[in-house]
1. Which of the peptides A:482-488, A:337-343, A:919-925, A:653-659 is most tightly packed, and how do the rest follow, judged by the mean count of other Cβ atoms within 10 Å per residue?
2. If you take the accessible area of A alone plus B alone and subtract the pair, what total do you get in square angstrom, rounded to 100, with a 1.4 Å probe?
3. If you split all Cα-Cα distances of the range A:852-953 into 5 Å bins from zero, what percentages do you get per bin, shortest first?
4. With unit charges on the beta carbons (Lys and Arg positive, Asp and Glu negative) and the dipole taken about the Cα centre of chain A, which residue among A:G63, A:V340, A:V817 sits farthest to the positive side?
5. Taking the Cα atoms only, what angle lies between the long axis of helix A:599-612 and the longest principal axis of chain A, rounded to 10 degrees?
6. Probe of 1.4 angstrom, ligands and nucleic acids ignored: what's the accessible area per residue over the range A:163-281, in square angstrom?
7. When the Kirkwood radius is taken over all Cα pairs of the range A:473-545, what Stokes-Einstein diffusion coefficient follows at 37 °C and 0.692 mPa s, in µm²/s?
8. If each residue of separation counts as 0.36 nm, what is the full-extension length gain between A:Q562 and A:V436 once their alpha-carbon separation is subtracted?
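The values are calculated or read from the model by the stated rules, or taken from the named source; none is laboratory data. Computed from a prediction, not measured in an experiment: that's the story for all the values here. Glycine also receives a Cβ, built like all others from the backbone with ideal geometry; neighbour counts cover every protein chain displayed. Remember, those area values only see protein heavy atoms, side chains included, never the ligands or the DNA or RNA. Shrake-Rupley method; radii C 1.70, N 1.55, O 1.52, S 1.80 Å.
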Amino acid sequence: MSGFRLETGGRIDRSQPVTFSFDGKAYQGFAGDTLASALLANGVMLFGRSFKYHRPRGLVAAGSEEPNALISVHRGPGRFTPNLRATGVEIHNGLKAFSQNRWPSLAMDFGAINDRLGMFFPAGFYNKTFMWPRSFWDRVYEPAIRKMAGLGDAPTAEDPDVYASTYAHCDLLIIGAGPAGIDAALGAMDSNKRIVLIDEQDELGGGALADPALWPWLERSVKALTEATNVTILTRTTAFGFYHDNFIGAVQRLTDHLPNVTDTPREKLWRIRAGEVVLAQGAIERPLVFDGNDTPGVMLSSAARVFANRYGVAVGKALTLMASHDSGWHDVFALAKAGVGISAIIDVRKSVDSALLHAAERLGIKVYLNHGVVGVNGRHNVSSVEICDYSDQRVHRINCDALLMAGGWTPSVHLWSHSKGSLKWRDDLGAYVPDVPNENVRCIGGCFGDWDFGTGAVIDVLPTPKDQSRIKAFVDYQNDVTAKDIKLAVREGFRSIEHIKRYTTNGMATDQGKTSNLNGLQIASSALNKPVPDIGLTSFRPPYTPQTFGALAGHAKGALFQPTRTTNIDSWAQAHGAVFELVAQWRRARYFPKAGEDMHAAVNRECVAVRSSVGIFDASTLGKIEVVGPDAAEFLNRMYTNPWKALEPGRCRYGLLLKEDGFITDDGVSARLAPDRFHLTTTTGGAARVLNMMEDYLQTEWPDLDVWLTSTTEQYAVIALQGPNARKVLEPLVEGIDLSAEAFPHMAIREGTICGIETRLFRVSFTGELGFEINVPTAYGRFIWERLMAQGAQYDITAYGTEAMHVLRAEKGFIIVGQDTDGTVTPFDAGLDWAVGKKKPDFVGKRSMARPDIVAPGRKQLVGLLTDDPNVVLEEGAQIVAYPNQPIPMTMIGHVTSSYWSETLGRSIAMALVAGGHDMMGDTLYIPMPGKTHTAKVSGTVFYDLEGARLHV
Amino acid sequence: MILIHCPYCDEKRPEIEFANAGQAHIARPLDPAGQSDADWEAYLFIRANPRGRHHERWRHVHGCGRFFNAVRDTVTDKFETTYKAGEPRR
Ligand SMILES: [Zn+2]
């Protein structure tokens, strides 16, 4: 037992005891305690095991820079959070916390064997050791490393919590509510500015919380700010990232500090746009680097002061200070005043301010100048330290149960660096401080290098007479990087700190090197014999501290992850047992299984119904664009491959759209309603892309054309009625349109009414059968659908889904852009040269069709494939080879793009892109599949009704 | 998140309202058929990749829908200026 609760002092509420558990053992603390302070008060010094060596570790810090004391919190099923810093976890009744990276227990850890094998774990260990043989990485090394090294366990259950998010705008955003931040807020409070003040802790005050002399000021200030109507105070809120144009991301923790709250949002993501940002994030004390500096009980002197003054906890009964900076002296004086026993002050400097010496003398504290700690005794807690007199190199022992480190200060420039503000090196501080801003932001107080607790010496590693190869002086506690590792990296030729960082992993842990970066830089600087600014500085990147995925995702999960678009007929499909698929955010009925049917049986039935009688299909998701204006025909003529100017009103045309590079990007049937009005259709997934492309040409290449483009996709419900009986079903319901074959031929459009509702009625077919597509205002979609179902009952009208639609179109060789094409397919490759206007001087993509690569032989071309065994349905995506007996890897000449069982034909059909395929008709190709190589004959892509007789009835 | 000034709306709006549309001031040749293969290749595929000032097109796709031109510094990601389509290069 080492730490204990002081009789008095601190900001905890001693009238409110709190019971919590750590590793299953119950402890008591007080309201206002963190897990760290409460456990310390109970004498717990061992908080975790280190990442690589599994060395016992205790607290180093009292704030969010804590590298060692990472713990997990369980809040019930699915509510498990790993890698929380014990210094930031507020205790509440029932809190269940657990240590990490230990087995079977924290005190007796099997992995600690790594520590004894330390000689095998040098810098670059992973790179050097696990490179060969390759197969060992997946099966042996990685699982073993994951088990042995690593932080907390990743949660396995879905997170049941709810997370909120919001946007905020303000004139002044102050990040950090220590004395500097509070002063800034008070100074701006009387303006009309909208001010937001953010602090990551549970109460405002920052460093002032550990300085009782400032508490009256703090209380007055917080009261004034709380009462000010133009100041928004966000506590328990971490500004984790500074993005462009003063855009700050922050996460507010709403319920983790409360017992059993699960019905309100757990955290809230704030996205704040600020006119001006003031960073008042303070500074982080720097550890000193010496042998054994990771023993539990060795911690920052400022942390010991925070534990005593803020939480009323002494970290030990006899504390020794190892200092290179005046601030540590002030800390121990404050600790002595709070009633904590101080055994000695050791300072690496030969002389210090005489006022410090006098103060120490008054308090009866023994002082050792020009001394340094060269060893720490005790495994689970400090029992004594060995100090060396640098004047004669003699070593002697001092008994103590805690060793405080005061190595100077590192300004917290993390968010400043996110904002791309530049830094300048200050030799006197041994630290980088903010220089030139890149946004409307300024740093004040500690993060600007502005502090009032004296000066110090900047050193890399405490000198020691010991054998350098036998000491473990840690720089990065969280990633177990020692001074020796950094020196080794330099010896092996690494020069840039960015490379040294990655090779040693210094500063690459979850704390991003908050306590280790500057010490690492100093050590590299000495080893390279170059000043620090010459070897650079690694970049800070968001987040400042780790944040939950839940907070970042907010509401955007599950059904709210992205919108699901549904048609007006979707509810009918749902009620009739449709199996759905998502297509470009649309929920589409894939097939309508009857009792006992699998997909195969349902699709076969649906296909046969269309070919033999009549089928009905919800085509509402088709992209639709209304093209209007005197130059509408000229515009379409320039956009599409085929001629549009001669198209008569009332007629339709298949439009093929290329990109300027000559490759197919979309297709669809479009109709001319009037000389200046077209109803375009696009593929379901291509609607937005096509409209964007058309707007681009219209706005930027041909702004002289008088044309307006309007997306009408969601204005119309579209019902495809397909099959030999389609006209018979439709005829009794339609008024004002002569449906006869003569009056209303294939590829025509008529306007009239259906069941009293205005309709644009297309006579078109994506199935090869007599077909109509009925466009009605969206709200009438299901109404018309149900009337058609009733009217078609006598013909056994059958609803079919996208799967049957795919089979039916494949039987007719109609391509699906994006399935049978892949962005490298020209009209000629796809066998669609008939859709290209040969006489047109220009259209988008025309010039590219004459590019050398496009006219070269051997391009992949779309062909049909008929397997020799008609029962074999090839896998879509399967590769095709010309000869089956070549050595592996074989030369692949193409792949299967579409493949189905055709119940109508009683055999399988497929389409494929094959190099030079148009010249291979009748040839046998080979499709190697797991278990068997299949053979297939190349054919045309139309498998059914080659002459198209069924369309024109 | 960057703020981008739309020259048509004359407002600074968050970048999520906009979509990048590639390098600016690449006009489609008036006579594509008369272009040599090399010229056509250059028009189609060859783009600048400057370190620093870059002229590029943006579309206020979730706003007014207009395409416009911008000068953005590719190092700092800062927009120097934005201007309407058809206006001379800045
Ligand atoms: Zn706009």
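1. So the order, starting with the most tightly packed, is A:482-488, A:653-659, A:337-343, A:919-925.
2. Numbers: alone 39850 and 6100 Å², together 43790 Å².
Buried: approximately 2200 Å² between B and A.
3. Calculated P(r), rounded to whole percents: 3, 13, 23, 23, 17, 11, 6, 3, 1, 0, 0.
4. With unit charges placed on the Cβ atoms, the residue in question is A:V340.
5. With rounding to tens, the tilt is 30 degrees.
6. Spelled out: the 1.4 Å probe surface of the range A:163-281, per residue, equals 40 Å².
7. 276 µm²/s
8. Numbers: separation 126, 0.36 × 126 = 45.36 nm, distance 4.09 nm.
Answer, rounded to one decimal: 41.3 nm.
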